[in-house]
Amino acid sequence: MLRYSLKRLISLVLSLAVASLVIFAVIEVAPGDPATFMLGLNAQPDTVAALRTELGLDLPTVERYLAWVGGMVTGDFGTSYTYRTPVAGMIMDRMWVSLPLALYALTLSTLIAFPAGIYAAARRGKPGDAVVMGATQLGVAVPNFWFAMMLVLIFAINLRWFGAGGFAGWDKGLWVGLHSLTLPAIALALPQAAILARVMRSALLDILGEDFMRTARAKGLSRRQALWRHAVRNAMIPVLTIIGLQFSFLLAGSIIIEQVFYLPGLGRLVFQAISARDLIVVESVVMLLVFAVIAVNFLVDLAYALVDPRLRQRT
Amino acid sequence: MNRNLILGGFLSALVLLAALTSFVWTPFDQAAMNIPDKLQSPNALHWFGTDHFGRDMFSMIMVGARTSIAVALLAVGIGMMLGIPLGLAAAARRGTWADELIMRSNDLVFAFPSLVIAILITAVFGPGAVNAIIAIGIFNIPVFARVTRGAALSLWEREFIMAARVAGKGAARISAEHILPNLANLLIVQGTIQFSLGILAEAGLSYVGLGAQPPVPSWGRMLADAQTMVSFAPHMALIPGMAIILTVLGLNLMGDGLRDWLDPRLREKRP
Amino acid sequence: MNLLEITDLSLHIGAFKILDRVSLCVAPGEIVAVTGESGSGKSMTALAVMQLLPEQMQATGHIMLEGRDLLSQSEAAMCATRGREIGMVFQEPMTALNPVKTIGDQVMETILIHKAMDPTAARARAIDVLNRVGLPQDRFPLSRYPHELSGGQRQRVVIAMAIALRPKLLIADEPTTALDVTTQAQILDLLKGLVADSGMGLLMITHDLAVVSDLADRIVVMRQGEVVEQGETRQLFAQMKHPYTRALFEASGHQVALPAPPPAVPLLEVRNAVRDYTLPRRHLFREPGHYRAVNEVSFTLNRGERLGLVGESGCGKSTLTRAILGLEPLQSGEILMGGAPVFTGQRPNLEVRRRMQVVFQDPFGSFNPRHRVERLITEPFHLLDDPPRSAARRTAIGDALSAVGLRPEDASKFIHEFSGGQRQRIAIARALIIRPDLILFDEAVSALDVSVRAQILDLLADLCRAYDLSYLFISHDLSVVRTVTDRVLVMQAGEIVEQGETERVFADPQHDYTKTLIAAAPRLPELGAA
């Protein structure tokens, strides 16, 4: 188990290193000089040069890459070109919206998908299965941002159960914060739940055909007992893979959903940064998103080993 | 033939027909603004109503279908052209460093969701339909590579591949002659799935302004325009939304139906 | 009173009949074997007793367990019966256990699900039964996972699960078919011992008449869903009233007459062949370990000779086969065909390769399902510099198909239009089409029913007469190797431990391993001996 975790950890660090190189290289080829952009086209050449020195733009590429990576490791993400404030602080503020939103949505999606998938698998071919499968077929097809708009129309504008947008903040209490994230989380979660429920069902159906399920029945377990005791845990392996993938979709999705609900999250930050050509902010946010995805997949790898004893032994 | 295939094929054909017809005919000029007629609900003249500039939404939906289909189709093309050969090569060189390299790079690409790729590309080169295609296409590469490799690996274990090796055929020849044809069904099905995901991704990118730019119409941007109007002109959001849903639903149903029709053994395998 | 009494059991899927008025019974302490070829309905009979049939199947008749009709019992009552009164053992021990649960949990589950004992007592019982099936706690603690055990050990766990509550009836569906002969002998002994100690009835399903004759008190012979004959074992073998029983018996011990081999001229020479596999690196900074699959193997196969290679799974015979075919390189030693190496540098030697062909085990997996027979069997033409074209090609296809007993018209069919035996004929046609000097038969008859197997063996003998075939016949089945080879190699743990004239080796084995192997192989009774 230790060796397995260590191996995954090495792979995590390598992935991060390569990802940071890719991101840095892409930003590097971006046309235009940030200093010129910040000061406007009419700026004096020596002012621009001074700013370039201040921002560290005159250093060789390798040195700037190392400084960027070194800074991120120590929590220093550099200074925003447009706001002249530390990027780390800007990101931190927004993280408190985006990360809880993604986690909230992931929780909702899992809570909906597991029972739905298990229910459908247990009633395979019966009307209950058909209803769940029809609903998920529809759920997969709905764009989450459109669904978000419909939720706003129904629950915020017509029923007035929720605010139509904006974020109340966490300082007024957990409940207030969660309440203002509820509609966005539902909008994010339902389409993902539809996918996850389908994966859960098909993974279970695969397992139900395995020999050991027949063995379990031969021991005297009822169909339902066999499903719960033997199939669900085995089905977790494909399901965990999808949960890991979904986290990255949820993070990306939350960027879009933030636009619908005017939430002050990473998404709004990154779009403002793009329009202001504040590349250092774009670079850092993208790196952070990629880090989150890689880290979650690392956790998923560890979860595999908890579920499957065969992985614990093999290295 | 089965119900899914018929219904899905019908919906997909309808969207394709609308897109193709729009090249020669639309009820109105989709770009023509007519402020006095703005924000009309669906009626006999404007079947899908008008938007806040008084443009005919039926015409916009028709022309928007072109953008959706073109972006998603090209993105699937990029994914297939690069992903399938990579997957075949990885399977043929299974267990070697080449396989490891291909699959690790795939994992890495998976860490960049298509929206993140789009953000990066847009930040550097600016927004546009081409960049949306590239962003979605890059994300499709590892999808096809993985599916191809996974299925090819199990084929490589089969005795008919051993027989081909005993007949002196090399890895490339076996991949082309025996592996790829036996994967075709699976890849067609995966293609329709990625196609539908591409439609959704394109809509999302256009919605946040990273996709097709005006004056090229797109369903995603129609929804972005609708956002502030949704309380008093809900049809502006409902209609493009339904267009997306029906297209994606049609493609997914067609994928399911094709899978059952082409290969009964694949049934129930796919989420 | 009988423990189990099946009367007039019929099974249908829609209008399709799977079982037709099957009647049989099992008394306490009795071993009843149901035997027959694939499609005979023997496994369905077993599943019907457990009421674990596929859902769309409809059963009629009576299955009485101690006077209760299982067919009319509710599902809840069946759940209480399964595992407690009837235990079942399945064919595939590798997949019959849940991979993510410990063996202790899985054995205890049988006890706990029936609420027969409290957890402490259940644990003690689990230890007890595992001990009884030959898995003592000091070597096989309850915390072991299935993947840590061999196939035979897993089958013991499955048996432990089935007998944990001391059921009155044990059903074993091909319990040893997936196991090696020596393991098979141990499992059969175990089952026999369990029946003797506990007085439970055993309903054993098997295709192997030799296994049946050693073990069963009574035999039920089935064909296409019907019981054709049943009776006390010795009597049944002595009389064999039904022609099908006799045909089955004859096919099981089928002998062929090979022509005498020509004078010895070496064709294939294997000298000190070594094949290592690199194991996954255990430690980042240490050299990865090696697994030696083939260790210093040397032998010669003469022109016109039929050489056998026997050994249990994992002994290295498949690896050796691949090395001979030039599909894998050797780490040291050499393999020469007519004096030329099969592997030169990093590539297989094409000159040599075109002189060898192979026939594989699986009649279903060895053909590309998308190609027609003509394309399938002409694939080896790829090896030739100047393959026959148009008319010559058609003649070659027709000849090859005729040689294996098929019609030239079959060339335009797809593979799914043929039965398993016919597919194996097509595989032989594919091997013959370039008239190779040597054919490798890799478990080529192992997946076939006995009657089909007998036909393929006859075909081999015919081909030997017509074409002076030289072949290497790789198999785990000793009785088959004995009849179709002149000489035999016995392989164990990567080494050849004994070689010699087939009859001599079988009649008077020298090496201990050969002796064990031959002793473990179940034998058909001598006709008329009873």
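The values are calculated or read from the model by the stated rules, or taken from the named source; none is laboratory data. Remember, it's a predicted structure, so these values are computed and weren't measured experimentally. For neighbour counting, all protein chains shown are included, and Cβ atoms are generated from backbone atoms with ideal geometry for every residue, glycine included.
So here's what we get for this one:
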| item | result |
| --- | --- |
| Check on C:D189, in the same structural domain as C:P167 (by TED's automatic domain parsing), acidic (D, E) and crowded, with 18+ Cβ neighbours inside 10 Å | no |
| Contacts under 7 angstrom Cβ, first residue in the stretch B:209-229 being at positive phi, partner in a loop (DSSP other than H, G, I, E, B) and of a type outside the set (G, A, S), 6 or more apart | B:G209/B:P127 |
| Residue in the stretch A:295-306 that is within 14 Å of chain C (Cβ to nearest Cβ), over 30 Å from B:A203 (Cβ atoms) and charged (D, E, K, R) present | no |
| Number of the exception - A:W175 against (1) at pLDDT 90 or above; (2) assigned to a helix (DSSP H, G or I) | (1) |
| Residue ID - farthest from the other protein chains (Cβ to nearest Cβ), chosen from residues in the stretch C:376-387 that are free of Cβ contacts under 8 Å to residues at least 40 places away in the same chain and among the acidic types (D, E) | C:D386 |
| Residues being closer than 22 Å to B:S175 by Cβ and either at the interface with chain A (Cβ under 8 Å from one of its Cβ atoms) or over 24 Å from the mean Cα position of the chain (by Cα) (or both) - total across the stretch B:92-117 | 11 |
| All positions within the stretch B:227-264 that are of a type outside the set (S, T, N, Q), closer than 20 Å to A:I257 by Cα and more than 7 Å from every other protein chain (Cβ to nearest Cβ) | B:M229, B:M236, B:L238, B:I239, B:P240, B:M242, B:A243 |
| Residue tally, condition of a type in the set (D, E, K, R), closer than 14 Å to C:H12 by Cα and more than 14 Å from chain A (Cβ to nearest Cβ), over the stretch C:38-74 | 0 |
| Residues of the stretch C:327-375 that turn out to be at the interface with chain B (Cβ under 9 Å from one of its Cβ atoms) and under 20 Å from C:N295 (Cα atoms), as a count | 1 |
| Test for C:R425: is it farther than 26 Å from C:A323 by Cβ, more than 13 Å from every other protein chain (Cβ to nearest Cβ) and modelled with pLDDT under 90 | no |
| Residues (in contact with a helix residue (DSSP H, G or I) (Cβ under 8 Å, 6 or more places away or on another chain), farther than 22 Å from C:M240 by Cα and among the β-branched types (V, I, T)) located in the stretch C:14-59 | C:I18, C:V49 |
| In the stretch C:401-416, the residues that are within 14 Å of chain B (Cβ to nearest Cβ) and in a helix (DSSP H, G or I) | C:I415, C:H416 |
| Hey, A:T107 of a type in the set (S, T, N, Q) and farther than 13 Å from A:L190 by Cα or not | no |
| Candidates C:Q184, C:Q230, filtered to the one that is in contact (Cβ under 8 Å) with a residue 60 or more places away in the chain and assigned to a strand (DSSP E or B) | C:Q230 |
| Hey, A:Y81 at pLDDT 80 or above and closer than 19 Å to A:I23 by Cα or not | no |
| Helices (runs of 4 or more DSSP H) wholly inside the stretch C:477-530 that include at least 2 residues being among the small types (G, A, S) | C:512-520 |
| Pair list, Cβ under 6 Å, 6 or more apart: the stretch C:494-506 residue closer than 18 Å to C:N272 by Cβ, other residue outside any strand (DSSP E or B) | C:G494/C:G316; C:V497/C:H511; C:V497/C:Y513; C:E498/C:Q510; C:E498/C:H511; C:E498/C:T514 |
| Residue within the stretch C:4-26 that is closer than 27 Å to C:A447 by Cα, small (G, A, S) and either surrounded by fewer than 14 Cβ atoms within 10 Å (Cβ to Cβ) or in the same structural domain as C:M222 (by TED's automatic domain parsing) (or both) present | no |
| Residue match in the stretch B:89-104 (condition: within 24 Å of A:I256 (Cα to Cα), at pLDDT below 85 and surrounded by fewer than 19 Cβ atoms within 10 Å (Cβ to Cβ)) | no |
| Those helices (runs of 4 or more DSSP H) lying entirely in the stretch A:178-272 with at least 1 residues more than 14 Å from chain C (Cβ to nearest Cβ) and modelled with pLDDT of 85 or more | A:232-261 |
| Leading residue by the ranking (surrounded by the fewest Cβ atoms within 10 Å (Cβ to Cβ)) among those in the stretch C:82-121 that are hydrophobic (A, V, I, L, M, F, W, C) and in a helix (DSSP H, G or I) | C:A121 |
| Subset of the stretch A:1-45 (residues that are farther than 24 Å from A:Y83 by Cβ, crowded, with 16+ Cβ neighbours inside 10 Å and away from chain B (no Cβ under 14 Å)) | A:Y4 |
| Residue in the stretch A:56-78 that is outside the structural domain of A:V176 (by TED's automatic domain parsing), assigned to a helix (DSSP H, G or I) and among the basic types (K, R) present | yes |
| Count - residues of the stretch A:77-101 that are out of contact with any Phe, Trp or Tyr (no Cβ under 7 Å at 6 or more places or on another chain) and over 21 Å from A:A276 (Cβ atoms) | 3 |
| Residue check for A:S275: of a type in the set (S, T, N, Q) and more than 14 Å from chain C (Cβ to nearest Cβ) | yes |
| Strands (runs of 3 or more DSSP E) contained in the stretch C:305-374 and holding at least 2 residues surrounded by fewer than 16 Cβ atoms within 10 Å (Cβ to Cβ) | C:332-337 |
| Enumeration of residues in the stretch B:105-128 that are assigned to a helix (DSSP H, G or I), in contact (Cβ under 8 Å) with a residue 60 or more places away in the chain and farther than 28 Å from A:R8 by Cβ | B:A118, B:T122 |
| Index of the failed condition, C:R84 passing every other in (1) within 14 Å of chain A (Cβ to nearest Cβ); (2) closer than 30 Å to C:V228 by Cβ | (2) |
| Residue under evaluation B:R221, criteria (1) assigned to a helix (DSSP H, G or I); (2) more than 16 Å from the chain's Cα centre (by Cα); (3) more than 7 Å from chain A (Cβ to nearest Cβ); (4) farther than 19 Å from B:L74 by Cβ, criterion not met | (4) |
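Quick grid of which residues meet (1) buried (at least 16 other Cβ atoms within 10 Å of the Cβ); (2) closer than 23 Å to A:L245 by Cβ; (3) out of contact with any strand residue (DSSP E or B) (no Cβ under 6 Å at 6 or more places or on another chain):
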residue: A:T47; (1), (2), (3): no, no, yes
residue: A:F77; (1), (2), (3): yes, no, yes
residue: A:S109; (1), (2), (3): yes, yes, yes
residue: A:P127; (1), (2), (3): no, no, yes
